[in-house]
Every structure is written in C-alpha cells, then in structure tokens.
Amino acid sequence: MRLFVAIALPAAAAGELDSAVAPLRLAWPELRWTGRDAWHLTLAFLGEVDEDLTGKLGDRLQRAAARHSRLSLSLGGAGAFPTAARARVLWTGIRGDRRGLAALAASVAAGARRAGVPPTQEGRRYEPHLTLARCRAPADVQTLVATLGGFEGTPWMAGEIYLIRSRLQDQPRYETLGAWPMLASAPGRPA
C-alpha cells in the first residue's frame, strides 16, 4: 500500500484557498491542478508499505500524536519547487506554529521508522507546504507565485493526524486508514 501521514485541511480553509486558486486554474490549463479533495498537509510520505505493518505503524502514530499539542496553522503565500522559474510543483505555504509542526513531523517520522516504515524523505529538511499544481515539464510560474504571494488564509487549529492510503490513477484517490488526536493543550496548561 502507498501511504502517507498528514494533517487534514478544514473545509473553511479549503474554501478560502479554492476561491483564490479557481481563476488561476482557468488561466493556466497546462498545469495539473490539485483539487480540494487532494489538499492535505503531509507530515511524512512512507511510500509502499506492507499491509502487515499497518497495525504497528498505527500504534506508533498514536504515540507520536499524543506527544504534541494542537497547532495553530494557516495557509499563506506561494512558492515553487525547485524554483519559480523552472517549477515542477506550485504550492502555498503553511504559517503559524511551524516549529511545532516540524517537531510533530519529526515524531511521526521517528514512529514510522520504529514501526519498520522509514519515510522516503529521510535526511531532507521538512518543508511544510500544500501542493496546488504540478507541471509536466519545468515551467515558469513566477507570475502565479507573485499572484498568490499575498494570499492569507484564516488560522485554524490542527488537532489530529491521519494515516492515508493513496491509490494512483488519473487522479489520486485517498482513503483514511486511521486518525489520532493530538493533545488539547500543551502539557502543564489547562485544556
């Protein structure tokens, strides 16, 4: 099974982003735009995983989530990988508690490793983002990055992590295999 661990995007945040992106989809039909149903904040991409390991993985992800407080996050700005002049991926950024988000991603990766499922991006710095579009060939998306640069979404509280199965087809299909809550408040603080 092809798996990843992510934070879901609330409907209100997805609606704001969709309103900002909708006119750009029409103006840039050569890009492969992701839709609301595919929007998530990846914490760790695990790649192909033996189904027998999912129980052990779930236990480790539950422990990882329980070690971290909810996170105040928002969407904002834009960028591209590797660069806006020769982009393969157009994205919007993640703002808010990025330090807490990076710590959560590290815990998820460590838990996956202990379950025998090391993330495929091991050794790379965690770059929180939400993919908006992919380019079949490197494309100059500097205009898009500038247009979306001023986008500022409303903050929300992320309180769960999800283990998601991805089925690759013309459009990826996602199936949630498990969800685990994060702490309601920081340790030592009232909920």
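Annotations for the structure displayed:
- Label assignment, Kirkwood radius over Cα pairs in Å derived from the structure, set [x] 17.3; [y] 20.6; [z] 19.0: [x]
- Computed [θ] at 222 nm, helices only, for the chain once each DSSP H run of length n ≥ 4 contributes -39500 (n - 2.57): -9000 deg cm²/dmol
- Residue separation of Arg125 and Ala12 scaled by 0.36 nm, minus their Cα-Cα distance, works out to 37.8 nm of gained length.
- Long hydrophobic helices in the chain: the complete DSSP H runs spanning 20 Å or more by Cα along their own axis with mean Kyte-Doolittle hydropathy of at least 0.5 are 11-27.
- Shape call, region 48-146: gyration tensor on alpha carbons, a/c limit 1.5: oblate
- Note on Arg25 and Arg86: the extension gain reaches 20.1 nm, defined as 0.36 nm multiplied by sequence separation minus the Cα-Cα distance.
- The distance separating the Cα centre of region 11-63 from that of region 90-116 comes to 14 Å.
- Leu183-Met157 pseudo-label distance in nm [points 7 Å out on the Cα-to-Cβ vector]: 1.4
- Heavy atoms of Asp50: accessible area, 1.4 Å probe, square angstrom to 10: 90
The values are calculated or read from the model by the stated rules, or taken from the named source; none is laboratory data. Quantities reported herein were computed from a predicted structural model and do not represent experimental measurements. Every residue, glycine among them, receives a Cβ derived from its backbone with ideal geometry; neighbour counts consider all protein chains shown. For accessibility, only protein heavy atoms count, side chains too; no ligands or nucleic acids. Shrake-Rupley method; radii C 1.70, N 1.55, O 1.52, S 1.80 Å.
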